[in-house]
Amino acid sequence: MTTREQRWKRNKRTKRFVELYKKQECLWNTRCKEYRQRELRDRAYETIARDMKIPGFSVKDVKNKIRIIRNTYVQELQKIRKSKEM
């Protein structure tokens, strides 16, 4: 598999991950009643891990991926804000 094919596969996985995450409102919407219910949040993480259908992809991996995506998003926002200041 070429690097380009690997990137495409990775991008498809990331897109799939974001779609699954978006469906689990209790993980990101602070106004959602379930947001404060750890058991429901844990089930949501498990659902994402299972639905990704990647062997060995665990809840820990889900949480890590969420953290990485959020950090990247914040970094990009900072770049945009900084460019507007110039």
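Coordinate-derived values only; no laboratory data. Computed from a predicted structure; not experimentally measured. Glycine gets a Cβ as well: all are built from the backbone with ideal geometry, and neighbour counts include every protein chain shown.
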- In the structure shown, do any of K23/K60; K12/K82; K23/K53; K22/K63; K15/K84; K15/K53 have a Cα-Cα gap over 25 Å, and if so which? K12/K82; K15/K84
- A correct Kirkwood calculation over the Cα atoms of the chain returns a hydrodynamic radius in Å of 14.6
- Dipole of the stretch 28-80, positive end: most advanced residue of I69, I48, T30 [Cβ charges, Cα centre]: T30
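With 10 angstrom as the radius, rank T14, T30, T47 by how many other C-beta atoms surround their C-beta, starting from the fewest.
T30, T14, T47
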- May I ask you to sort F17, F57 by Cβ crowding, counting other Cβ atoms within 10 Å and putting the fewest first? F57, F17
- Task: List the relative contact order of the chain as a percent without decimals, with contacts defined as Cα pairs under 8 Å and 6+ residues apart.
- Result: 16
